[in-house]
Amino acid sequence: MQDYYKITDNFLDTGTFNTLSNELLMPSFPWYPSSIDAEEHEGNKLRNMQFVHYFYENNVAMDGCNILFPVVQKINPLAVLRIKANITLQHDTQLKHDFHVDITNTTNPSVMVSILYMNTNNGWTELEDGTKVQSVANRLVTFPNYVKHRSVSCSDQTYRMVLNLDYVTS
């Protein structure tokens, strides 16, 4: 049932992708600890943590958002709602986080989610119908915000990094 989501491999040209990746991995790039799942429970009690960087939220552009211009330009949204980067660290066994929607206060079908995978690893994004989108560097998956999804951590690399974009299309 691939009608509602789209996968684009090699979303950015190699040079642009590498520049973006290198910026995000700079030692001085600010990452902040955050919960992954909204609620803590026995299944995630010791692993409900990731590092995030908000580039755009609540109509405010944060420092560093200029590095995302090629991504936003290529997606060409009508309006940006939120852009953030997530890093989850490696676990010995892969952890499936809770299903969720990114923007909770809307059912508007023109609100979309795009996830740009920044590194290749054995983690994935799982959609509520069981579809698994593997974490492949420079792959973009896009689907409507109303589709519940979840992240699955990796066990074969030190981290799993994604850019998460929430926006309105025409």
Given a cut-off of under 8 Å on Cα pairs at least six residues apart, what relative contact order in percent is computed for the chain?
29
Check the straight Cα-Cα distances from residue 96 and name the lysines below 18 Å, setting aside those fewer than 8 residues away within the same chain.
45, 132, 148
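What does the helix-only formula give at 222 nm for the chain: each DSSP H stretch with n ≥ 4 adding -39500 (n - 2.57), the total divided by the residues, and the result rounded to the nearest 500 deg cm²/dmol? All intermediate terms of the calculation are to be shown ahead of the outcome.
Values: 2 runs with 18 residues, N = 170.
Theoretical 222 nm ellipticity from helices: -3000 deg cm²/dmol.
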Most to least packed among 116-124, 69-77 [average Cβ atoms within 10 Å]:
116-124, 69-77
How much length is gained if the chain between residue 49 and residue 78 is pulled fully straight, taking 0.36 nm per residue apart and subtracting their Cα-Cα distance, in nm to one decimal?
7.3 nm
Note: the chain at 4 °C, 1.567 mPa s; Kirkwood Rh on alpha carbon pairs; Stokes-Einstein D in µm²/s works out to 80
How big is the C-alpha Rg of the range 98-170 next to the rule-of-thumb value 2.2 N^0.38 Å, as a ratio?
1.09
At R0 = 35 Å, FRET efficiency that the Cβ-Cβ distance of residue 99 and residue 25 yields, to 0.05
0.75
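Any read-out appearing in this document is the output of simple, stated calculations on the displayed coordinates, not a laboratory observation. Please read all numbers here as calculations on a predicted model, not as lab measurements. Reconstructed Cβ throughout: ideal geometry from the backbone, glycine too, with neighbour counts over all protein chains shown.
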